[in-house]
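Step one of this worksheet: look at the structure below.
Please treat every number below as a calculation from the coordinates, not as lab data. Just so it is clear, the model here is predicted, and its values are computed rather than measured. Quick reminder, even Gly has a Cβ in these numbers, built from the backbone with ideal geometry, and neighbours come from all protein chains shown.
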Amino acid sequence: MGLLADFIVASPADALQYRSLLEERSPIPPDRFERAEYKNITPLALGMLWAILRDEKWEVGRHCLENVYHTQGGNNWLERFPDELVDLISALDEKEASRAADAWSRTGEIWGSPDELKPLLADLKNLAIQARRSDRGLYLWGSL
């Protein structure tokens, strides 16, 4: 099964309810969530992407998503993308996305070739744009 990584655009209150909707096997309301489902993407990998987009060396205290919650035992978590990272992702053009995918694939924190990472970056860009347009947040929900 691997590590589940769902990227969601939601209000803060809806983001907190996302896990319970999944656990109840309830349909995910499309009017409350835009999302993209992936596997094996960690908050650390996204922090490295942030450093790449800023042309900086990754720093633990600087390039971190905002922790919303971790369940006891750490099997589920919700992390919010900081506004700066949402802005950087939403502004990606094709050339910058190619450069970022290449650099990101060499970090050792994410699996895949640059060509395999480009669709992920495209999905993140679309979600970041939706988050900005709707004045909602972009979140990573993860589960072991």
Being assigned to a strand (DSSP E or B) and surrounded by 15 or more Cβ atoms within 10 Å (Cβ to Cβ) is the filter here; which residues of segment 1-37 pass it? L4, A5, D6, F7, I8, V9, A10, E34, R35, A36
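Would you please name the residue that is farthest from the chain's Cα centre (by Cα), looking only at residues in segment 38-54 that are outside any helix (DSSP H, G or I) and under 19 Å from N126 (Cα atoms)?
Per the criteria, the residue is K39.
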Flag for A131 being in contact with a strand residue (DSSP E or B) (Cβ under 6 Å, 6 or more places away or on another chain) and either assigned to a helix (DSSP H, G or I) or of a type in the set (V, I, T) (or both): yes
Could you check segment 19-46 and list, in sequence order, the residues that are acidic (D, E) and touching a strand residue (DSSP E or B) at 6+ places or on another chain (Cβ under 7 Å)? E34, E37
Per the filter on segment 72-101, residues in a helix (DSSP H, G or I) and either surrounded by fewer than 18 Cβ atoms within 10 Å (Cβ to Cβ) or among the basic types (K, R) (or both) are D83, E84, D87, E94, K95, E96, S98, R99
By residue number, the members of segment 72-84 that are free of Cβ contacts under 8 Å to residues at least 40 places away in the same chain and either within 26 Å of G2 (Cα to Cα) or touching a His at 6+ places or on another chain (Cβ under 7 Å) (or both) are Q72, G73, P82
Starting from segment 128-142, keep only residues that are surrounded by fewer than 17 Cβ atoms within 10 Å (Cβ to Cβ), then list their pairs with residues that are assigned to a strand (DSSP E or B) whose Cβ atoms are within a distance under 8 Å, requiring at least 6 positions of separation or different chains. Q130/V9; Q130/E34; S134/V9
Of those in segment 78-112 that are among the hydrophobic types (A, V, I, L, M, F, W, C) and under 12 Å from the mean Cα position of the chain (by Cα), the residue farthest from H63 (Cα to Cα) is L78
Taking only pairs six or more apart or across chains, which ones have beta-carbon atoms under 7 Å, a first residue in segment 47-62 that is on the phi < 0 side of the Ramachandran plot, and a second residue that is of a type outside the set (A, V, I, L, M, F, W, C) and exposed (fewer than 11 other Cβ atoms within 10 Å of the Cβ)? A51/K57
